[in-house]
Amino acid sequence: MSLIPKSNVPLFLLLLIFILPHIGIAEESSLVEVLRNHGLPAGLFPQSVKSFKLDQMGHLEVHLDHPCLAQYETTVFFNTVVKANLSFRQLKVLDGMSREELFLWLPVKDIFVLDPSSGVILIDIGYALKYLAFSHFDEPPVCRSPNGLAFLMGGRKGIGFSDQ
Ligand SMILES: *[C@@H]1O[C@H](CO)[C@@H](O)[C@H](O)[C@H]1NC(C)=O
């Protein structure tokens, strides 16, 4: 009888080794699913996301093919790499995302949902909090190459004032 549990041990280990990595959330999910699982709208990042990394601490790194501009209720600039801390209903942006507000490019610092029943998402751009309807972020938007802006951005480490 005691042989049965013993012989099961290697099988159990094999299951752990080969199956567990495939259950990992970041491994199998798309960024859209990851955002949804964190209570955030699917369209926070554009369609041109090439890959992303999310570790257990919630450090999120999103890679795009190239810097680009996407149209929401205003224009949003995404750098090739966007870094953020992701937690439930909150994306603290560390680098790589700016919004055009009154002809200025302001780095996005924080995106969060306080009350999901309100249907409103809050975006902190430093000097102001924007209250925007979830519906603006339902779908990942198309992201177009900034053309002439690329030259400017290359020399200035992205649009916006990332040092502030
Ligand atoms: C992001 O996470 C790191 C480590 O978990 C932390 O040190 C840092 O302060 C966080 N950044 C923000 C803006 O919350």
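Ordered by 1.4 Å accessible area with all protein chains kept, LYS83, LYS130 run largest first as LYS83, LYS130.
Ordered by 1.4 Å accessible area with all protein chains kept, VAL32, VAL76 run largest first as VAL32, VAL76.
Distance between the pseudo-spin-label points of ASP65 and ALA133 (7 Å out from Cα toward the beta carbon): 3.1 nm.
The residues ASP65, ASP110, ASP95, sorted by heavy-atom accessible surface at 1.4 Å with ligands and nucleic acids left out, run ASP65, ASP95, ASP110 from largest to smallest.
The values are calculated or read from the model by the stated rules, or taken from the named source; none is laboratory data. This one's a predicted model, so the numbers in the text were calculated from it and none came from an experiment. All Cβ positions, even for glycine, are placed from backbone atoms using ideal geometry, and neighbour counts span all protein chains on display. Each accessible area value is taken on the protein alone, full model and side chains, heavy atoms only, with ligands, DNA and RNA left out. Shrake-Rupley method; radii C 1.70, N 1.55, O 1.52, S 1.80 Å.
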